Amino acid sequence: MHSGHIHLIEETRRLLGPDTAVVCVMSGDFVQRGDFAVVGRRARAKAAVMSGADLVLELPLPWAVSSAERFADGGVQMLAAAGLVTHLAFGSECGDAAALTEVAACLDSELYQAGLRRFLGEGMSFAACRQAVVGSILGAEKAALLETPNNILAVEYCKSLLHRGSSIQPLTVPRRGAAHDGAVQAGENPSASAIRDLLRRGEREAALALMAPAMGEAYREEEAAGRAPVFLENCERAMLARLRTMTEQDFAALDEGREGLCNRLYRASRTAASVAEVLEAAKTKRYAYARLRRMALWAYLGLTPVDFPAEVPYLRPLAANAAGRALLARMRKTASVPILTKPADVRRLGEEARTLFALEARAADLYALAYPDLAAAVGGSAWKEGPVIV
């Protein structure tokens, strides 16, 4: 949680009214770039509420660690399922919801799909093919919106809203400060990636100075408890052990596109002595590095794409203030899926919901093994913890 997130919340209330309730959808312990969250889900959710949000819902694991398309659709599903959300607010480099929606409509068209098949057959990367096809339909200016990460995710939000026929209106706020993965620059709002890099380099005070005040406080509490910072490298041997014991068939189950990427990961895992070496050996110009990271993470967590549910089966609150609790009370009447405030209640839900929660619980236990203090890595937390009330 940094100043850019606070700016988004503040701008949302400025545009929609000061009494607007803000519901955030947040990844849990693992994130979309295929990595461990540097601080656990409950601490981050608490910081979000203390920084201006009213209610934080957890994006379930299969959506949180997937492509931008699936990640965005999971968020849209959850907000639509709540039954009371009117606007979806997100940052973008362009700040133009109409232009983003036009590109989204293009991506959801048959004309685009036909063009994509043609370009992919020429061996180009998916990102390059997508931009080339959109350029051929809408022109270079609109296609250029797909060159930056926040615009790409914004387009996917708009596409999901269109595809699902949702009444929720997109509301985009221009991103200020450093780029998505940019380094820290004087006078700029920092990116989350820059703050994580400072922590990774041991520059703790510099990182804390760039966090939202509530996030800095939550981080210090987690650090004192031995639960932060969390990095993939803390579990690197466990991840390598998992990769080396997997068969070619196990790797094939991870490859959604059946493009042979699984074979490259399998071969790399036989000899590489670090996760970074595995990914570097498997990488080609055609495949995004984040996709490889996600596949390696899926392997560690025991996830396979065929196990991913088509629809979000429940809403799980992570943190709330008084206004958020009032929202939850309303949502119990308006939501189209169950609201899971007591983990044990999942046992009364359907098989798909129970299976998903079991995956979440296992992932939480594996995440804990990356705590700096292994004594803090007690298992079973997902079955014991309710929302943080601020």
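The values are calculated or read from the model by the stated rules, or taken from the named source; none is laboratory data. From a predicted model like this one, the values you see are computed outputs, not experimental measurements. Positions of Cβ are backbone-derived with ideal geometry, glycine not excepted, and every protein chain shown enters the neighbour counts. With ligands, DNA and RNA removed, areas are computed over all heavy atoms of the protein, side chains included. Shrake-Rupley method; radii C 1.70, N 1.55, O 1.52, S 1.80 Å.
Couplings for region 222-237, taken from phi via the Karplus curve 6.51 cos²θ - 1.76 cosθ + 1.60 with θ = phi - 60°, read 5, 4, 5, 7, x, 10, 7, x, 10, 10, 3, 4, 5, 10, 4, 5 Hz in order; Gly and Pro are left as x.
Loop-located trypsin sites (Lys or Arg not before Pro) in region 186-218 (DSSP state not H, G, I, E or B) with no more than 15 neighbouring Cβ atoms inside 10 Å: Arg201.
Charge tally around Ser269: other residues with Cβ under 11 Å, Lys/Arg +1 each, Asp/Glu -1 each, net +2. Subtracting the Cα-Cα distance of Thr304 and Ala344 from their residue separation scaled by 0.36 nm leaves 11.9 nm.
Karplus-based coupling profile of region 72-88, in residue order and whole Hz: 5, 5, x, x, 5, 4, 5, 5, 5, 5, 4, x, 9, 7, 9, 9, 10, with θ = phi - 60° in 6.51 cos²θ - 1.76 cosθ + 1.60 and x standing for Gly or Pro.
Take the Cα of Lys384, step 7 Å toward its Cβ, do the same at Ala329, and the gap between the two points is 3.0 nm.
Counted over the chain, the DSSP beta bridges are approximately 30% antiparallel.
Sorted from greatest to least, the principal axis extents spanned by the alpha carbons of region 295-349 come out as 40, 21, 20 Å. Distance between the modelled labels on Asp373 and Glu69, one decimal in nanometres: 4.5 nm (7 Å Cα→Cβ projection). Cα centroid separation, region 1-21 to region 99-141: 33 Å. Between the amide H of Ala319 and those of Val56, Val388, distances stay under 5 Å, these residues lying 5 or more places away or on another chain, with hydrogens modeled in the peptide plane. Mean projected area of the Cα convex hull of region 244-390, taken over all directions, amounts to 11.6 nm².
Out of all Cα-Cα pairs in region 249-326, roughly what percent, to the nearest whole number, are more than 20 Å apart?
Values: 1292 of 3003 pairs.
That tail contains 43 percent of the Cα-Cα pairs.
In order along region 155-163, phi translates into HN-Hα couplings of 4, 5, 4, 4, 5, 5, 4, 5, 4 Hz, rounded to whole numbers, per the Karplus curve 6.51 cos²θ - 1.76 cosθ + 1.60 with θ = phi - 60° and x for Gly and Pro.
Can you order the peptides 13-21, 336-344 by their average number of other Cβ atoms within 10 Å per residue, highest first? Provide the component values of the computation, followed by the final result.
Working: 13-21: 12.0, 336-344: 15.6.
So the peptides 13-21, 336-344, ranked by packing, come out 336-344, 13-21.
Accessible surface calculations at 1.4 Å, restricted to protein heavy atoms, place region 235-390 at 50 Å² per residue.
The P(r) of region 154-305 has a tail past 20 Å containing 64 percent of all C-alpha pairs.
Residues whose amide H lies under 5 Å from that of Leu59, counting only those 5 or more places away or on a different chain, are Met26, Ser27, Gly28; hydrogens are built 1.01 Å from N in the peptide plane. Build a GNM of the chain with springs between Cα atoms under 10 Å apart, and of Thr12, Thr284, Thr172 the one that fluctuates most is Thr284. Counting only residues at least eight positions apart within a chain, or on another chain, the lysines with an alpha carbon under 16 Å from that of Lys384 are Lys342.
Largest GNM mean-square fluctuation across Ala53, Ala89, Ala376, computed for the chain with C-alpha springs under 10 Å, falls on Ala376. Kindly identify region 1-120 as rounded, prolate or oblate by the Cα gyration tensor criterion: order the square roots of the eigenvalues as a ≥ b ≥ c, call it rounded if a/c is under 1.5, otherwise compare a/b with b/c, prolate if a/b is larger, else oblate. It is oblate, given that a/c is not under 1.5 and a/b is not larger than b/c. Rg then Dmax, both in Å and based on the Cα atoms of region 105-226: 19.5, 55. Between region 350-385 and region 36-73, the C-alpha centres lie 16 angstrom from each other. Pairs of Cα atoms nearer than 8 Å and 6+ residues apart set the relative contact order; for the chain it is 24 percent.
Computed over protein heavy atoms with a 1.4 Å probe, the carbon and sulfur contribution to the accessible area of region 27-142 reaches 54%.
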